[in-house]
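K.L.:
Here it is, the structure, as structure tokens.
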Amino acid sequence: MINIKIQKMLKKCYSIEDGFPKLNSNLSSDLFKKNIDDGVFYPAYTSSHSALVSALKTTYASVKKRRVTNAFIYSISHRALYLRSILFSYGISRVFPVHKFEANKTKKNECRICGEPHNIINFDINLLSYERYNYGGINFINTLYVWFDLREFCFIKENFNITTEDILLFKNIILSIEKLKAPIKFNDIVRNISKLFECSRMECQRLISNLAMIGILNDNTGVNFFYDYESRGELKSKQYLKPSYENFRSKTMASDYVERTYEVNYEALKYYFGSYTEFKDIF
């Protein structure tokens, strides 16, 4: 299902430096252009703020929730990282408000609601593709990434033929969190679920943090994208939002989340997974 050629070329052309994905400086511009001409890479992306907001909501409306949850479950049992972030992108898009650009008081060219600039000029969206294929995304709150992830998901034609065993794997992840004694700590969750499926510690940490972000897990920050969209100002006031990519590295993420406590939010869990027979006994 995954396009191996794209993944290999992205690894060749990009790398992580100081927590940021960057185009390799020794890369031939002719090779990069050839990849664009061959349809492997995308040309530079330019958009207004309003066009991006409209594109995100339009793309979200074309995506079916069941297909999203199937893909997410598939991503865990098959370790398909390029599908891992679609549940979070879908969840954030669900509450994302249609809005006009409102300047941030401190950063005039940044929207105080979604964080995007008034105009996006010649952005290399292949960076987002690199993040998606190799890490399952890096910055899930980034509006441009959310739109890009939804759009790429719409291009996938294959069905996600998940089995009962695939569904039960994710269910067991939730049950393993349920069994922990309150207050449920981040590291305890990581320790439990890392025993259930093949994953790196970083994958495990990011899975937990993003289940919390869209409300399947409640954490004690008060940030929850299940009930409403959190503007950049609100996130900063709750000391939730770090600079872009700061949480990418495992050690940084662990230190940022280790003090939080968690609990399963059954309302959100039922919204996303209540239609699966295997989950009926949870609710």
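K.L.:
Of all the residues that make up the stretch 1-56, how many are among the β-branched types (Val, Ile, Thr) and under 19 Å from the mean Cα position of the chain (by Cα)? Step through it out loud before you land on a result.
P.N.:
Initial filter on the stretch 1-56 (among the β-branched types (Val, Ile, Thr)): 2, 4, 6, 16, 36, 40, 46, 53.
Subset that is under 19 Å from the mean Cα position of the chain (by Cα): 2, 16, 53.
Total satisfying the criteria: 3.
K.L.:
With respect to Leu211, is the statement that it is surrounded by 20 or more Cβ atoms within 10 Å (Cβ to Cβ), farther than 30 Å from Val40 by Cβ, aliphatic (A, V, I, L, M) and free of Cβ contacts under 8 Å to residues at least 12 places away in the same chain true? I'd like the intermediate steps shown before the answer.
P.N.:
Working: surrounded by 20 or more Cβ atoms within 10 Å (Cβ to Cβ): yes; farther than 30 Å from Val40 by Cβ: yes; aliphatic (A, V, I, L, M): yes; free of Cβ contacts under 8 Å to residues at least 12 places away in the same chain: yes.
Answer is yes for this residue.
K.L.:
Right, Ser75: open to solvent by 20 Å² or more (accessible area, probe 1.4 Å), under 28 Å from Met202 (Cβ atoms) and in contact with a Lys or Arg (Cβ under 7 Å, 6 or more places away or on another chain) or not?
P.N.:
No.
K.L.:
Moving on to the next point. Kindly indicate which of Tyr82, Tyr90 is crowded, with 22+ Cβ neighbours inside 10 Å and within 24 Å of Lys22 (Cα to Cα).
P.N.:
Going through Tyr82, Tyr90 in turn, the sole match is Tyr82.
K.L.:
Turning to a different aspect of this structure: Looking at Gly115, Gly137, which is the one that is within 26 Å of Lys171 (Cβ to Cβ) and in a loop (DSSP other than H, G, I, E, B)?
P.N.:
After ruling out the rest, the residue left standing is Gly137.
K.L.:
Here is a follow-up. For the stretch 243-283, name all the residues that are open to solvent by less than 70 Å² (accessible area, probe 1.4 Å), at pLDDT below 95 and among the acidic types (Asp, Glu). Outline the logic, then answer.
P.N.:
Step one: of the stretch 243-283, the residues open to solvent by less than 70 Å² (accessible area, probe 1.4 Å) are 244-248, 250, 252-254, 256-258, 260-262, 264-265, 268-269, 272-274, 276, 278-279, 282.
This time we only want the ones that are at pLDDT below 95, so: 244-248, 250, 252-254, 256-258, 260-262, 282.
Glu246, Asp256 - these are the residues of the stretch 243-283 that are open to solvent by less than 70 Å² (accessible area, probe 1.4 Å), at pLDDT below 95 and among the acidic types (Asp, Glu).
K.L.:
Can you name the number of the only condition in (1) within 17 Å of Phe123 (Cα to Cα); (2) open to solvent by less than 50 Å² (accessible area, probe 1.4 Å) that Ile6 fails?
P.N.:
Just one mismatch for Ile6, condition (1).
K.L.:
Residue pairs, Cβ under 6 Å, 6 or more apart or interchain, first in the stretch 18-33 and within 16 Å of Tyr130 (Cα to Cα) and polar (S, T, N, Q), second in a strand (DSSP E or B) and open to solvent by less than 50 Å² (accessible area, probe 1.4 Å). List them.
P.N.:
Asn24/Ser15
K.L.:
Given (1) open to solvent by 60 Å² or more (accessible area, probe 1.4 Å); (2) touching a residue at least 40 places away in the same chain (Cβ under 8 Å), identify the lone condition not met by Lys195.
P.N.:
Against the list (1) open to solvent by 60 Å² or more (accessible area, probe 1.4 Å); (2) touching a residue at least 40 places away in the same chain (Cβ under 8 Å), Lys195 comes up short only on (2).
K.L.:
Report, by residue number, each residue of the stretch 57-71 that is more than 16 Å from the chain's Cα centre (by Cα) and small (Gly, Ala, Ser).
P.N.:
Hits for the stretch 57-71 are Ala61, Ser62.
K.L.:
Now, a different point. If you take the residues of the stretch 93-121 that are open to solvent by 40 Å² or more (accessible area, probe 1.4 Å) and of a type in the set (S, T, N, Q), which of them is modelled with the highest pLDDT?
P.N.:
Looking at residues that are open to solvent by 40 Å² or more (accessible area, probe 1.4 Å) and of a type in the set (S, T, N, Q), I get Asn119.
K.L.:
Are there any pairs with C-beta distances below 7 angstrom linking a residue in the stretch 35-63 that is more than 15 Å from Phe123 (Cα to Cα) to a residue that is open to solvent by 50 Å² or more (accessible area, probe 1.4 Å) and among the aliphatic types (A, V, I, L, M), with the two at least 6 apart or on different chains, and if so which?
P.N.:
Val53/Val98; Lys57/Val98
K.L.:
Sticking with this one: What are the residues in the stretch 25-49 that are surrounded by 12 or more Cβ atoms within 10 Å (Cβ to Cβ) and part of a loop (DSSP other than H, G, I, E, B), if any?
P.N.:
Passing the criteria: Leu27, Val40, Phe41, Tyr42, Pro43, Ala44.
K.L.:
If you go through the stretch 122-140 one residue at a time, do you hit one that is open to solvent by 20 Å² or more (accessible area, probe 1.4 Å) and hydroxyl-bearing (Ser, Thr, Tyr)? Lay out the reasoning, then the answer.
P.N.:
Applying the first criterion (open to solvent by 20 Å² or more (accessible area, probe 1.4 Å)) to the stretch 122-140 yields 122-124, 127, 133-135, 139.
If we keep only those that are hydroxyl-bearing (Ser, Thr, Tyr) as well, we get 133, 135.
Yes, some residue in the stretch 122-140 is open to solvent by 20 Å² or more (accessible area, probe 1.4 Å) and hydroxyl-bearing (Ser, Thr, Tyr).
K.L.:
For the stretch 16-35, which positions are within 29 Å of Cys111 (Cβ to Cβ) and out of contact with any strand residue (DSSP E or B) (no Cβ under 9 Å at 6 or more places or on another chain)?
P.N.:
Matches in the stretch 16-35: Glu17, Asp18, Gly19, Phe20.
K.L.:
So is Gly233 part of a loop (DSSP other than H, G, I, E, B), open to solvent by 30 Å² or more (accessible area, probe 1.4 Å) and modelled with pLDDT of 65 or more or not?
P.N.:
The answer is no for Gly233.
Listed here are the residues, each with its yes/no results for (1) closer than 24 Å to Ile216 by Cβ; (2) not in a loop (DSSP other than H, G, I, E, B).
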| position | (1), (2) |
| --- | --- |
| Tyr130 | no, yes |
| Ile141 | yes, no |
| Cys154 | yes, yes |
| Leu168 | yes, yes |
| Lys171 | yes, yes |
| Leu196 | yes, no |
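The values are calculated or read from the model by the stated rules, or taken from the named source; none is laboratory data. Just so it is clear, the model here is predicted, and its values are computed rather than measured. A quick note on method: Cβ atoms are made from the backbone with ideal geometry, for glycine too, and the neighbour counts reach across all protein chains shown. Surface areas here come from the heavy atoms of the whole protein model, side chains and all, with no ligands, DNA or RNA. Shrake-Rupley method; radii C 1.70, N 1.55, O 1.52, S 1.80 Å.
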